[in-house]
Structure formats: structure tokens, C-alpha cells
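Here the structure is laid out as C-alpha cells; the discussion comes afterwards.
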């Protein structure tokens, strides 16, 4: 019985060591991709790192920032397109709001999740500001009613 316990401990120890080495290898690959300006590919590797180490601060912080920035780019474009319309009708306003909600679902929801986890691992003013920005945006898209025309 003691031999089985010792063997089990040795196997678990080797798995932990292998996982740590794997995380280091993946982290180096992600950083290399970032240096080569391939953030989308790096994001996939950072997600893979989180499968092994769910508390990996660098991965959480990168993915939070990355998804936030993707969402922000999309929001800026949608808002610029909407501002061109001098007097938007109800349909245009509804479409605009749907686009903002879609962007939240695609990017900001993920960014929010990663940022909260990263902040729990280590406090960071920049991540806190991004998190606050997402919360403000979330309130904006959930509370903005469609104005109806009076008859």
C-alpha cells in the first residue's frame, strides 16, 4: 500500500513539473508571436496556458486587454457609423443598440471575465480601469431605451 502511495506521488509530481515546463514553453511561444505582431495567434496560446494554469496572470491580463481592445475598435466603428445619421429612426437606433450588445457578447464579456480573474490574482490600476469601462458600457447598452415618436 505504501508503494502505491509513493508511486502515485511520484506520478503527480512529474505531471506538475511537466505542466510547469509546458506553460513556460507556451509562454515563450506566445511572447515570440507578440514580438512578431501576431496577437490573434498569441491569444490562442494564452488560452491554452489557462487550460493548464487557470490563474496565470500574464495570460489573463493579456486576454482581458486583447478582447477589450478588439471590442473597443468595433464600438468606435459602430458609433462613428451611427453618428453620421443626422436623425436616426427607430429601426436605425435599434440596429445600433443591437450591434453594441453583439460587441459586448463577442468581446467585452470575455474581457470582463479575464480581467476580473487577473485582478483577483494581482491588483493592477490599468486592469481596474478597463474593468470599470466595461461596466459603464454594460450599463449603457442595457439601460438605453429606444425613444418612440409621439403621435
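The values are calculated or read from the model by the stated rules, or taken from the named source; none is laboratory data. Everything numeric in this text was worked out from a predicted model, so none of it was measured. Cβ atoms come from the backbone with ideal geometry, glycine included; neighbour counts cover every protein chain shown.
The table that follows gives values for the structure above.
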{"item": "The stretch 35-57, subset free of Cβ contacts under 8 Å to residues at least 12 places away in the same chain and in a helix (DSSP H, G or I), residue farthest from residue 102 (Cα to Cα)", "result": "35"}
{"item": "Residue check for residue 43: at pLDDT 95 or above and at negative phi", "result": "yes"}
{"item": "Selection status of residue 60, surrounded by 15 or more Cβ atoms within 10 Å (Cβ to Cβ) and assigned to a helix (DSSP H, G or I)", "result": "yes"}
